1. Given R₀ = 25 Å, FRET efficiency for L135-V15 by Cβ-Cβ distance, to 0.05?
2. Please get the size of the charge dipole for the chain, origin at its Cα centre, with Cβ charges of +1 on Lys and Arg and -1 on Asp and Glu, quoted in debye to the nearest 20.
3. Roughly speaking, what is the centre-to-centre gap between the range 120-145 and the range 1-75 when only Cα atoms are used, to the nearest Å?
4. Considering only the other residues whose Cβ falls under 11 Å of the Cβ of V62, what net charge follows from Lys and Arg at +1 and Asp and Glu at -1?
5. Tell me, F131, F137 in order of fewest to most beta-carbon neighbours within 10 Å?
6. Can you give the calculated 222 nm mean residue ellipticity of the chain, where each DSSP H run of n ≥ 4 adds -39,500 (n - 2.57) and the sum is split over every residue, rounded to the nearest 500 deg cm²/dmol?
7. Scan the chain and hand back the longest stretch that contains none of the trypsin sites (Lys or Arg not before Pro) lying in DSSP loops with at most 10 other Cβ atoms within 10 Å.
Amino acid sequence: MKASAREEIAVRIPVQGDEQSIQKLLSQLGYDVALGQLRTQLSELIGSRSDATLVATADDVVVGLIALHWSLMLQHPAPVCRITTLVVNDSTRGQGVGRVLVEAGAEVARLAGCETLELTTALHRTEAHAFYKTLGFTNSSLKFGRTIGTPVP
């Protein structure tokens, strides 16, 4: 499967039958998502007014995924869009798929009225950090999280 020319990469909304390909992509990020859960989540995200999910295909094979969520924030004049998932198949990385997905995601965000596109990434994904910098992202914050229900020390 070749995806070296941008014209060969198509971006579309996921359709029924893409779930197994998406599941494999998520597993490359270290996420073990059951197929039933994935189907339910995709259905809800695709029907959402504040989310978008897109897949990239090359030769009609799903080779990448981007998921977006936007919301209003008190400190910003326009909604902020966050890339919640971005993954390109291991065998297709470095061939422009990620760049095409981010450009498509940015256009979706712009059409939703967003002025800012942001993302978070695991600290150990240094290759991804370098890639994001080539797209103009800057390291502007540090993310913290905890499980809800965890007692406060």
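1. Values: r = 27 Å, r/R0 = 1.08.
Plugging the Cβ-Cβ distance into 1/(1 + (r/R0)^6) gives 0.40.
2. 400 debye
3. Distance between centres, Cα-based: 20 Å.
4. Details: positive: R12, K24; negative: D18, E19, D59, D60.
My count for the surroundings of V62 gives -2.
5. Numbers: F131 19, F137 16.
If I rank by nearby Cβ atoms, fewest first, I get F137, F131.
6. On the way: 4 runs with 46 residues, N = 153.
Here the helix-only value at 222 nm equals -9000 deg cm²/dmol.
7. Values: sites that count: K2, R49, K143, R146.
Value returned for the longest uninterrupted segment is 50-142.
Just so you know, all these numbers are worked out from the coordinates, no wet-lab data involved. Source: prediction; values computed, not measured. Counting neighbours? That spans all protein chains shown, and the Cβs are built from the backbone with ideal geometry, glycine included.
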